[in-house]
Amino acid sequence: SLGKLQKCSRCVEKCWGLCDSYCETLPIDGPPSFRGQSVKYVYKLTIGCQRVNSPIKLLRVPFRVLVLHGLKDYQFPQDEAVAPSNPFLEEEEGLKKDSRLADLATELLMVATSRRSLHLYNISNTRGKVGTFCIFKTMYKIGEDVIGTFNFSEGDIPCLQFSVSLQTEESIQEEFQRRRGQPVSFSTHARHQEACLHTAQSSFSLPIPLSSTPGFTTNIVSLKWRLHFEFVTSGESSGTCLVWGSQSEAVTWTGVEQMEVDTFSWDLPIKVLPTNPILASYVSQFSSTNSITI
């Protein structure tokens, strides 16, 4: 204990009296926590403790960092000093500014991801139109669902099957590639597949995992999000997809045993932003309690 230590140095008194708290400012434009196939950004807080005549004990506390770009150059209004505040609470100026910054980040996220506008895309191949795809926004927060709808009723080419994958694209800058021409790495986070022959309309909903990383770019790696579509269409006219069969009392329609098909794919870029840190902490891989014994 402190009472048993001989206070022969001011450094000992200063260490035991003042080093009960620690504060560090993270760069607002730094990379977020990320575990990719070629690059990994990990944040850890290392704590070292030592008793007299005892070895040093280290505690490493990992934590997750989410980065929202656009806050670096923000200037708070000059009349912010007259903003309403709670007179019964005494807040330090630094904590007050951090609280305002967190509120601003939440507001920017809500504004950016709540904007909706109709985006219509024609799906077609070399033989004609397959259908249309509709999505109401292309900017999402982590934890949201990506929702889209298909309309095949106006298509000239029958669509037999489609699949939609929510993917991230990890590309390494040329000077940091292991070998020249290193290919881009793709990771699939959610996927929807459906058979849609004779289906007029269909839809899908793909959740963005809370444990995923929002899109970002550094001098080493670039992470982007996209929707990857794959379509399987009939290589014949729509009338050959069914075979008419006659029986004594009923008329039946059966599918053909073999059919010529065409396949093609399409990529739609989307933007994924961070979410509220409270929501992101629900899926943290690390325990919220850490201890060290000295």
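Which of the residues spanning region 115-125 are open to solvent by 70 Å² or more (accessible area, probe 1.4 Å) and either of a type in the set (S, T, N, Q) or in contact with a helix residue (DSSP H, G or I) (Cβ under 6 Å, 6 or more places away or on another chain) (or both)?
Asn122
Restrict the check to region 148-167 and report whether at least one residue is outside any strand (DSSP E or B), closer than 28 Å to Val39 by Cβ and not hydrophobic (A, V, I, L, M, F, W, C).
no
When you scan region 190-222, how many residues do you find that are assigned to a strand (DSSP E or B) and either buried (at least 16 other Cβ atoms within 10 Å of the Cβ) or without any contact (Cβ under 8 Å) to a residue 60 or more places away in the chain (or both)?
Number of matching residues: 15.
List the number of the failed condition for Phe150; all other conditions in (1) at pLDDT 95 or above; (2) open to solvent by 20 Å² or more (accessible area, probe 1.4 Å); (3) farther than 23 Å from Leu273 by Cα hold.
The one condition Phe150 does not meet is (2).
What tally of residues in region 5-48 results from selecting those that are outside any loop (DSSP other than H, G, I, E, B), at pLDDT 85 or above and open to solvent by 100 Å² or more (accessible area, probe 1.4 Å)?
The total comes to 3.
Please verify whether region 155-162 includes one or more residues that are touching a residue at least 60 places away in the same chain (Cβ under 8 Å) and open to solvent by 50 Å² or more (accessible area, probe 1.4 Å).
yes
For Gly148, are the conditions met, namely being under 22 Å from the mean Cα position of the chain (by Cα) and under 19 Å from Ala195 (Cα atoms)?
Yes; evaluated as a whole, the condition is true for this residue.
Search region 126-144 for residues being over 11 Å from the mean Cα position of the chain (by Cα) and assigned to a strand (DSSP E or B), and hand back the single one that is surrounded by the most Cβ atoms within 10 Å (Cβ to Cβ).
Gly131
The values are calculated or read from the model by the stated rules, or taken from the named source; none is laboratory data. These figures come from a predicted structure and were not determined experimentally. No Cβ is skipped: glycine too gets one built from the backbone with ideal geometry, and neighbour counts run over all protein chains shown. Only protein heavy atoms, including side chains, enter the accessible area calculation; ligands, DNA and RNA are left aside. Shrake-Rupley method; radii C 1.70, N 1.55, O 1.52, S 1.80 Å.
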